[in-house]
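Visitor: The following block contains the structure, expressed as structure tokens.
Read-outs: derived from the displayed coordinates by stated rules, not from any lab. Small disclaimer: the values here were computed from a predicted structure and weren't measured. Cβ placement follows ideal geometry from the backbone for every residue including glycine, while neighbour counts extend to all protein chains displayed.
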Amino acid sequence: MEQKNKQEFSLDDLKAYGIVMLLVTVIIVILAIFAIFVYPNAIAIKDSWSKISQNEEQVSILENKLAILTTLDQNDLRDAIERSQQFLPAENEVFEIMGYFSARAQETNVSLGDFQVAQSELGGSGELPLDLDIKGTREELFNFNKNLIDSGRVLSIDSLNLDFTSKESSLSAVLTESISLINVSEPFPESIGTIIDKLPQLSVAQKELLAEIQLIQWTKPQDTAPEFTARENPFSL
Amino acid sequence: MPSQTVNLQKKKKNKPQLDGLQRRIFMVLIVLTALLIVTLGTMLVLKKTIVVSVEKQEAKIVELSTEIEVLKQTEGLYLTLTSRLETILKYRQKQGFITQLPEILHTALSPYGEVTDLSISEGQFQFGINTGRAKDVKLVLQALNKVVANLEVDSKIIADSTDIDDNGNHILKLTVSYTNGTKK
């Protein structure tokens, strides 16, 4: 009786161990399936999902870009750029700037005094600081100032001094005006960026300015327009 | 001997409880395995769908890029023009204000006296005005307040002082500050 009980006890134990082993194996198999199949797929789906939203944005940018570009005419754009050259030249040429002020002075009968370029690097891009002295009657100086604005060229005027030391109240008294200004130029871009860069929409102010540029009296220069090739530089020859 | 009998009885009583627990564990394992298989299946289907969708999008990007590439010259010209327009607009306002100010002041203040000198720099302008009599100083300040209120930029009188010259004329010195940008 005692032996039979011992045998029964051993069989139950063996069965229990077998079940535990089976359970452990099944759990290991489940974990292995998770590690080998589920986890990498979940990561792949997550990546693809974020790629979908990135692609959606790209498609939207490209569609928008295409919609804008298909409405534009190259000849109109070239014409507008060439016209804008007299507002904003592509190069900071000092002789050309001197010629510009000389022409404005002649138009308004003022005499140009000192003309100083505060930057030694000529023909550089961007901003070129200048100092300018003008002599004339009050009316002539006011006309010169008006002419400077109306001609539209981009000049950032930093300071202006009107010297009334003659103490003469009449309009015919000769006065001196000193202007410190920056002549602004903007070179043609070296690159137009990547294909997925957003294309800006013209603002209301920009549209108005464009209309103004297109209305001005302008004689087309004899030189041929720059040839627009290569994505890297639309102005390269 | 009596203690062994008790143990056997306990074992006999425990056996059905263990079987029930085993059944529950097996059920849980079966459910987990089923869930795993379903999840894996869904995942594979989802992955395939997403991959197809990404491929379609990429094909569309390539197609649009090709169309845009053809229009690259137009794009370059358009970008150049928009950039130039933006630069012109950026500088225009300040240019207009400083060059117009001498005439604006002269027109507004000449009935009260002559502007003796004028200096305009970043953020402020100063000038003197020969008002003659002392009582005209108040009139000049009133006129200047009107000018300041009508300027296109935010501005205010920040200092004033009066000198009397050898002839007894009152010379008013004024300093006005202004901020760049249009008035709000």
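Visitor: Among B:Ile37, B:Ile129, B:Ile171, determine the one that fluctuates most according to a GNM of chain B built with springs between C-alpha atoms less than 10 Å apart.
Guide: B:Ile37
Visitor: To the nearest 20 Debye, how big is the dipole of the stretch A:1-71 about its Cα centre, given +1 on the beta carbon of each Lys and Arg and -1 on that of each Asp and Glu?
Guide: Rounded to the nearest 20 debye, it is 80 debye.
Visitor: Right, something else. Using the crude model of +1 on Lys and Arg Cβ and -1 on Asp and Glu Cβ, and no other charge, please compute the dipole size for the stretch A:1-120 relative to its Cα centre, in debye to 20.
Guide: 820
Visitor: Got a sec to turn the phi values of the stretch A:200-205 into Karplus ³J(HN,Hα) couplings, 6.51 cos²θ - 1.76 cosθ + 1.60 with θ = phi - 60°, whole Hz, x for Gly and Pro?
Guide: Using θ = phi - 60°, the values come out as x, 8, 6, 6, 4, 4 Hz.
Visitor: Using only atoms on other chains, find how many Cβ atoms lie within 10 Å of each Cβ of peptide B:62-68 and report the average.
Guide: That average works out to 5.
Visitor: Please give the average number of partner chain Cβ atoms lying within 10 Å of the Cβ of each residue in A:35-42, rounded to a whole number.
Guide: Neighbouring Cβ atoms belonging to other protein chains average 3 per residue here.
Visitor: OK, next. Would you mind ranking A:Val204, A:Val38, A:Val20, B:Val137 by Cβ crowding within 10 Å, fewest neighbours first?
Guide: The fewest-first ordering by Cβ neighbours comes to A:Val204, A:Val20, A:Val38, B:Val137.
Visitor: A follow-up question, please. Given the alpha-carbon gyration tensor of the stretch A:1-71, what are the semi-axes of its equivalent ellipsoid in whole angstrom, ordered largest first, with each equal to the square root of 5 times an eigenvalue? Please report the intermediate quantities before stating the final value.
Guide: Numbers: eigenvalues 887, 7, 4 Å².
Those come to 67, 6, 4 Å.
Visitor: Return the average number of partner chain Cβ atoms within 10 angstrom of each residue Cβ along peptide B:29-35.
Guide: For this peptide, the per-residue mean of nearby foreign Cβ atoms is 2.
Visitor: Do any trypsin sites (Lys or Arg not before Pro) in the stretch B:98-182 lie in a DSSP loop with no more than 14 other beta carbon atoms within 10 Å, and if so, which?
Guide: Those satisfying the criteria are B:Arg133, B:Lys135.
Visitor: Report, in cubic angstrom per residue, the convex hull volume of the C-alpha atoms of chain B. Please list the in-between numbers first.
Guide: Details: hull volume 61.8 nm³, N = 184.
About 336 Å³ per residue, rounded to a whole number.
Visitor: Normalised by the residues of chain B, what does the relative contact order come to in percent, with Cα pairs under 8 Å and at least six apart?
Guide: Computed over chain B, the figure is 15 percent.
Visitor: Among B:Met27, B:Ile98, B:Asn145, which residue has its Cα positioned farthest towards the positive end of the charge dipole of chain B, with +1 placed on the Cβ of Lys and Arg, -1 on the Cβ of Asp and Glu, and the dipole taken about the Cα centre?
Guide: With unit charges placed on the Cβ atoms, the residue in question is B:Met27.
Visitor: Hey, another quick one. To the nearest 20 debye, what is the magnitude of the charge dipole of the stretch B:89-182 about its Cα centre, counting +1 on the Cβ of each Lys and Arg and -1 on the Cβ of each Asp and Glu?
Guide: In debye, rounded to 20, the stretch B:89-182 gives about 380.
Visitor: Putting +1 on Lys and Arg Cβ atoms and -1 on Asp and Glu Cβ atoms, find which of B:Ala159, B:Tyr112, B:Thr82 reaches farthest to the positive end of the dipole of chain B.
Guide: B:Thr82
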